[in-house]
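Structure record follows, encoded as structure tokens.
The values are calculated or read from the model by the stated rules, or taken from the named source; none is laboratory data. Since this is a predicted model, take the numbers as computed values, not measurements. Virtual Cβ from ideal backbone geometry, glycine too; neighbours counted across all protein chains shown.
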Amino acid sequence: MKVLIVGAGIGGLGAALALEKKGINVEVFEAAPAIRAVGAGLWVAPNGLEILNRIQPALKQAVIQAGWELQASTVEDLHGHKLSGFNAQDLRCRYGSGPLAIRRSALHAILMAALKQTPLHTGKRFQAYDIRQGQVAVQFEDGSSATGDLLIGADGLRSRVRTQLWGEIPLRYSGQSCWRGLAPLRLPEPWHHKAQELWGDRPGLRAGFSQVNADEVYFYLTQSMPAGQHDSPEHLKPDLLRAFADFPERVLQIIQATPTEAFLRNDLSDFVPLKSYGQGPIWLLGDAAHATTPNLGQGANQALESAWALAESLAPTLTPRDLEQALQHYQSCRLARARFITETSWKIGQISNLKHGLRLRNWLMAHLPEQMVQRQLDQVFRLA
Ligand SMILES: Cc1cc2nc3c(=O)[nH]c(=O)nc-3n(C[C@H](O)[C@H](O)[C@H](O)COP(=O)(O)OP(=O)(O)OC[C@H]3O[C@@H](n4cnc5c(N)ncnc54)[C@H](O)[C@@H]3O)c2cc1C
């Protein structure tokens with residue numbers, strides 16, 4: 001069996017590695033002229049680390065080595081009140097690993113270096129597929145093509161594979177725009193090994209950050225505003241400094257220390273969870289299948305979970321009938337869990353967008369019963 005993967009993000013690369021491990025013939029096609037990780041940093045959760053471990057224990061070790069150990073993660077208001085959070089020790093006891101922060105480029109480099117025989121082609125922008133006699137032929141914009149038994153669309157939020165499969169699916173804008181980057185800074189204790197998200201006194205105003213290696217801080221800043229706005233380089237930093245003026249000095253330092261051209265801006269969107277990830281020989285994975293807003297820090301972790309579930313469902317030699325069943329199995333492993341993550345993350349974003357009752361909101365968040373908090377952590381971090 002030959003599997004064609006479109007997209008070499010964390011989902012596509014994770015799937016290629018997991019399929020390679022199963023002895024399945026894979027080829028990866030990426031639109032970008034060179035593999036580059038967009039998005040500064042990432043928090044890898046215990047479930048994502050466990051998937052890396054299942055693919056190859058050495059992968060998990062490499063990510064731990066390249067990443068930055070986080071001893072705790074908290075959400076706080078601007079008055080220093082903790083709204084939610086966890087500590088790594090508890091996570092290690094319950095799920096086998098604590099969370100860590102890593103530069104996206106470091107994670108990509110590790111995943112790519114671990115590929116053994118899988119060809120990875122860059123400059124191959126998927127254009128369309130065609131199914132002929134059970135085989136799928138893929139056309140790329142450069143005029144070239146490839147043929148396989150199964151096409152996996154791992155081409156992200158705006159997946160073209162998904163559009164050809166299911167038609168145009170409207171994106172759901174969260175109401176928040178987000179600026180991300182890496183600041184050349186070393187945070188003092190107690191933030192040196194801590195991830196922190198601060199919720200401001202205005203709707204949607206949040207700042208999240210953690211060290212990502214000894215010399216850089218990964219951060220994101222969100223604000224409620226209409227979609228589709230753009231920054232001008234001369235106003236970007238002054239505008240952000242004004243918006244976050246009530247935040248602690250370390251947030252302002254992060255904004256000041258980051259070169260203007262290093263800010264990356266996205267409107268945060270997902271789409272209503274799909275009822276199906278594919279049909280016939282065309283299937284989706286990662287953000288293409290189950291994009292989520294980043295409020296649980298789970299998008300890439302979920303992409304890895306799907307990569308593993310897909311590979312576990314397949315085998316090198318499958319009859320067309322067995323292949324259909326295997327793909328249904330992949331979908332049944334993932335559909336409900338990914339939907340839970342997408343919808344929970346969406347709700348958190350909407351709670352942070354509330355215009356009224358912010359004090360009550362914060363009080364309720366801080367006083368959730370311990371059992372409920374543990375149940376939610378289990379639902380997010382525990383793998384089947
Ligand atoms: C602000 C923010 C913070 C986040 N923080 C976290 C976090 O802390 N932890 C976490 O787990 N997740 C986080 N996420 C989510 C995470 O970034 C995504 O869920 C994850 O990158 C999805 O991986 P993917 O491989 O499915 O898609 P992508 O990373 O989007 O990769 C898709 C790939 O497909 C390629 N491609 C696109 N179109 C084509 C085409 N036509 N032909 C060929 N190739 C194509 C792209 O170039 C890209 O390389 C965050 C997201 C945002 C926006």
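Looking only at residues in the stretch 319-340 that are within 21 Å of R172 (Cβ to Cβ) and surrounded by 21 or more Cβ atoms within 10 Å (Cβ to Cβ), which one is farthest from the ligand (Cβ to nearest atom)? It comes out as R334.
Say whether the condition of being under 21 Å from the mean Cα position of the chain (by Cα) and among the β-branched types (V, I, T) is met by at least one residue in the stretch 140-162.
Residues of the stretch 140-162 that are under 21 Å from the mean Cα position of the chain (by Cα), as a first pass: 152-162.
Narrowing the set further to residues that are among the β-branched types (V, I, T) leaves 152, 161.
Within the stretch 140-162, one or more residues are under 21 Å from the mean Cα position of the chain (by Cα) and among the β-branched types (V, I, T).
Name the residue, out of R250, R172, R186, R202, that is within 30 Å of C333 (Cβ to Cβ) and in contact with a strand residue (DSSP E or B) (Cβ under 9 Å, 6 or more places away or on another chain).
Values: R250 fails: within 30 Å of C333 (Cβ to Cβ); R186 fails: within 30 Å of C333 (Cβ to Cβ); R202 fails: within 30 Å of C333 (Cβ to Cβ).
The unique qualifying residue is R172.
The condition of being of a type in the set (G, A, S), farther than 29 Å from P184 by Cβ and touching a strand residue (DSSP E or B) at 6+ places or on another chain (Cβ under 6 Å) holds for only one of A16, A31, that being A16.
Restricting attention to the stretch 19-59, the residues that are over 24 Å from D378 (Cβ atoms) and within 13 Å of the ligand (Cβ to nearest atom) total 15.
Report yes if L187 is farther than 17 Å from V251 by Cα, surrounded by 15 or more Cβ atoms within 10 Å (Cβ to Cβ) and more than 14 Å from the ligand (Cβ to nearest atom), otherwise no. No; evaluated as a whole, the condition is false for this residue. Of all the criteria given as (1) under 15 Å from the mean Cα position of the chain (by Cα); (2) within 12 Å of the ligand (Cβ to nearest atom), the one not satisfied by R265 is (1).
Scanning the stretch 297-318 for any residue that is assigned to a loop (DSSP other than H, G, I, E, B) and near the ligand (Cβ under 9 Å from one of its atoms) turns up at least one such residue.
Conditions (1) surrounded by fewer than 22 Cβ atoms within 10 Å (Cβ to Cβ); (2) modelled with pLDDT of 95 or more; (3) more than 21 Å from the chain's Cα centre (by Cα), marked per residue:
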site	(1), (2), (3)
C178	yes, yes, no
L221	no, yes, no
A227	yes, yes, no
D239	yes, yes, yes
P248	yes, yes, yes
V272	yes, yes, no
K275	yes, yes, no
